Amino acid sequence: MSASDIAVFAICEAESIPPGGAKAFSLSRLMADGEARPFRIVVVRVRPRQFVGYVNSCPHGKVWLNIGDGTFFTQDKSQLRCGRHGARFDIASGLCVEGPCAGASLEPIPLALMGADVCVCGIPLVEDEDGRGYDEHDETMEIMIHPG
Ligand code: FES
């Protein structure tokens, strides 16, 4: 394997996320033992051509950040926030700036913008038949809509 063989998986078209918006993805990560594990992430479009990604798991209770009402942001959209106990996170760094896990950080996901696609880099994902590392169907959203 050469350096150019770093795993890169397109997860969505950049234009599918509005500037200032966020989108959850339920991916499948290929582990070293060959097993596939659920891998839920959130991608935030910080600027028109700038995206940040995090594992969609609050450092406090390990729940999806958008649990509850389905939103990722504080009301003024200046920070990410957890729907369970209200922890607030800096969007650019993932650092929890307020809440029960203050000082902890969201786990960052290396992303790259390649052509029209947002790609996850260096993390092996299970691809669908179209060769994409994602599933358009987002089960975190579905479970949020039908809690319990
Ligand atoms: S689970 Fe996120 S703040 Fe408690």
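The values are calculated or read from the model by the stated rules, or taken from the named source; none is laboratory data. This one's a predicted model, so the numbers in the text were calculated from it and none came from an experiment. Glycine gets a Cβ as well: all are built from the backbone with ideal geometry, and neighbour counts include every protein chain shown.
Away from the ligand (no atom under 16 Å from the Cβ) and free of Cβ contacts under 8 Å to residues at least 24 places away in the same chain: does that describe Pro38?
yes
Just so you know, in the range 112-140 the residues that are within 16 Å of the chain's Cα centre (by Cα) and acidic (Asp, Glu) include one that is modelled with the lowest pLDDT, and it is Glu139.
Just to be sure, is Arg37 surrounded by fewer than 17 Cβ atoms within 10 Å (Cβ to Cβ), at pLDDT below 95 and not aromatic (Phe, Trp, Tyr)? When the stated conditions are applied, Arg37 passes them. Residue-level check: of (1) within 16 Å of Val126 (Cβ to Cβ); (2) of a type outside the set (Gly, Ala, Ser); (3) crowded, with 19+ Cβ neighbours inside 10 Å, Leu65 misses just (1).
Residue pairs whose Cβ atoms lie under 6 Å apart, separated by 6 or more positions or on different chains, with the first residue in the range 73-99 and over 20 Å from Ile41 (Cβ atoms) and the second at pLDDT 95 or above and assigned to a strand (DSSP E or B), are Val97/Arg88; Val97/Asp90; Glu98/Arg88; Gly99/Arg88. The residues listed here are Arg29, Arg81, Arg45, Arg37; of these, the one that is over 14 Å from the mean Cα position of the chain (by Cα) and not small (Gly, Ala, Ser) is Arg37.
Considering the range 64-115, and only residues there that are of a type in the set (Val, Ile, Thr) and more than 10 Å from the ligand (Cβ to nearest atom), the residue that is nearest to Glu13 (Cα to Cα) turns out to be Ile109.
Here is the figure for the range 44-62: residues that are near the ligand (Cβ under 9 Å from one of its atoms) and either under 13 Å from Ala22 (Cβ atoms) or buried (at least 23 other Cβ atoms within 10 Å of the Cβ) (or both) total 1.
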